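J.: Quick one: structure below, then a few questions.
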Amino acid sequence: MRTAFESEYVEYVQSRLPALRRTAYLVLGDGHRADDAVQDALTVLYRRWGRLGDVANLDAYVHTMVVRACLAYRRRGWSRVLLRGDPPDSVVDSDSGRVDERLMVREALNRLPVRQRVVVMLRFLCDLPVADVAQVLGCSEGTVKSRTHHGLRALRAALGDGALSSLSVTTAHQRRQA
């Protein structure tokens, strides 16, 4: 039988797990590594769960934990070891071309330096405002803006000038508006 403490924790984690895993996947680019990083963050969260009563925004707190776990995971030497040669994704024929566009964007994002990639993903794929990204990464808003600028410039160079605007990729904000 679960205690009220465990029930609250399990309910919270179950409701937020898909979003946390998506963020970790965007940062790390690998589903298995994303699962590991989310599990690390949730383990720490469980140990702290009873002391989080005075946290103003629990979602932002947990989101920060996951991003930091991802960044810590990338710093580990063994995390660079791949057990397969090429990623399982490959360009396939499709009528719409959206699959090809997604793979091109993913490849271009993977070529960005880690800090720029994380900022671009948090800003545009997770639809976080500059202030929230700065809080998650523990840096100034100016740093977030600078990394966003340099990251977008590098993406434009990799994909072509009009590629970012012509892609049929929508932000989370645009999806909510529809």
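J.: Taking R0 as 25 Å, what FRET efficiency do you get between Ala131 and Thr3 from their Cβ-Cβ distance, rounded to the nearest 0.05?
T.: Plugging the Cβ-Cβ distance into 1/(1 + (r/R0)^6) gives 0.10.
J.: Counting only heavy atoms of the protein chains, get the accessible area per residue of region 7-57 (1.4 Å probe) and round it to a whole Å² value.
T.: For region 7-57, the solvent-accessible area averages 59 Å² per residue.
The values are calculated or read from the model by the stated rules, or taken from the named source; none is laboratory data. Just so you know, these numbers come straight off a predicted model, no measurement behind them. Backbone-built Cβ (ideal geometry, glycine too); neighbour counts: all protein chains shown. For accessibility, only protein heavy atoms count, side chains too; no ligands or nucleic acids. Shrake-Rupley method; radii C 1.70, N 1.55, O 1.52, S 1.80 Å.
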